[in-house]
Amino acid sequence: KEVYLNGSWLKPEKAQVSVFDRGFMLGDGIYEVSPFYKGKAFKLKEHLQRLQYCLDEISLDFDAFSLEEVIYEAIERAKLSTEDCAVYMQVTRGVAPRTHYYPEDARPTVLLYVFPVILEGFEKKTWDVMATEDKRWHRCDIKSTALLANVMANEEAVAAGFAENLLVRKGYFTEGSHSSLFFVKYGVVHTHPEGPQILSGITRAEVIKICSDLGIKVREKAVHIDELVEVEEIFVTGTTTQIIPVTSITHKNKKVYSASKDSITKKLQQFFIERTRS
Ligand code: PMP
């Protein structure tokens, strides 16, 4: 297996980055994960557009779409052209003496690799999750490699036997530690509006589109933790997560939600499978 690093294809153990790389020292980098169903891209343009948006937001001068060719070469080289797989891409600001301001002449460090992933069978899963305070920064729309708050939140969940940690800011759910979040309340699908408090999820956008095509009402409005009594269904979405129903939420060691229905989630899963597999 090989990884792409700055124009070369290398064995992972030979792919090395300087200790002065700003990605390593400062978390000064952006990443992206894009799925391939039986080797066929799904929403690749949207993933590259989000990568470009994030790079632009941190003034990192790099053309995200220049990776398109590299992506297909990676899939061919890994012999995954007919398999379910995903491409990981990462661009950091590169190697420079350590400063907090952006250095003038650093060249971006570009890493890319493909990995097999099981995208089948997600519709048979359910997640019991916990909820904690959202301790992330105020630019969650930037897909930064600096994921410490997400890592801490997910670790807390996994260590306690939960599948995911739903994050709560000032009483309102934002999203999961590595997933977008949806609620069904009186038959209307609710999700946190786009902006600096959540990642603009590509799967989230597709789910909103499916709802609109099916005539299911969507409100991009945050749900308060006290509103859970009115919630019938909850599901999380993501590139590798796809769409998974949340069966319960535990908050401060108390179960604060148990799912009462699953019909809208099931319908969205069914249409999502059609769109990703056709
Ligand atoms: N929010 C966060 C914090 C995530 O890490 C992810 C996974 N990339 C998502 C949402 C889902 O986004 P997407 O559907 O684009 O994978």
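The values are calculated or read from the model by the stated rules, or taken from the named source; none is laboratory data. Note that the structure is predicted; figures quoted are calculated from it, not measured. Cβ sites come from the backbone with ideal geometry, for glycine too, and all protein chains shown count toward neighbours.
Worth pointing out:
- Which numbered condition Leu119 fails, given (1) in contact (Cβ under 8 Å) with a residue 40 or more places away in the chain; (2) in contact with a Leu (Cβ under 7 Å, 6 or more places away or on another chain): (2)
- Members of region 3-50 that are hydrophobic (A, V, I, L, M, F, W, C), within 16 Å of the ligand (Cβ to nearest atom) and more than 20 Å from Ser81 (Cα to Cα): Ile30
- With respect to the stated conditions, Ile58 fails to be closer than 27 Å to Asp141 by Cβ, assigned by TED's automatic domain parsing to the domain that holds Arg98 and buried (at least 19 other Cβ atoms within 10 Å of the Cβ).
- Within region 195-205, the set of residues being within 11 Å of the ligand (Cβ to nearest atom) and of a type outside the set (A, V, I, L, M) comprises Gln197, Ser200, Gly201, Thr203, Arg204.
- Residue in region 39-58 that is in contact (Cβ under 8 Å) with a residue 60 or more places away in the chain and touching a Cys at 6+ places or on another chain (Cβ under 8 Å) present: no
- Count of residues meeting criterion [touching a residue at least 40 places away in the same chain (Cβ under 8 Å) and either within 9 Å of the ligand (Cβ to nearest atom) or in contact with a His (Cβ under 9 Å, 6 or more places away or on another chain) (or both)] in region 176-194: 8
- Hits in region 60-92 - residues which are touching a residue at least 12 places away in the same chain (Cβ under 8 Å) and of a type in the set (S, T, N, Q): Ser81, Thr82, Gln90, Thr92
- Ser248 being touching a residue at least 24 places away in the same chain (Cβ under 8 Å), buried (at least 21 other Cβ atoms within 10 Å of the Cβ) and of a type in the set (Ser, Thr, Tyr): no
- In region 227-239, the residues that are closer than 13 Å to His251 by Cβ reach residues that are hydroxyl-bearing (Ser, Thr, Tyr) and away from the ligand (no atom under 16 Å from the Cβ) with C-beta atoms within less than 6 angstrom, at least six apart or across chains, in these pairs: Leu228/Tyr257.
- Some residue of region 179-194 being in the same structural domain as Thr126 (by TED's automatic domain parsing), of a type in the set (Asp, Glu), under 19 Å from the mean Cα position of the chain (by Cα) and modelled with pLDDT of 95 or more: yes
- For region 197-213, the condition holds for no residue, the condition being that it is in a strand (DSSP E or B) and not aromatic (Phe, Trp, Tyr).
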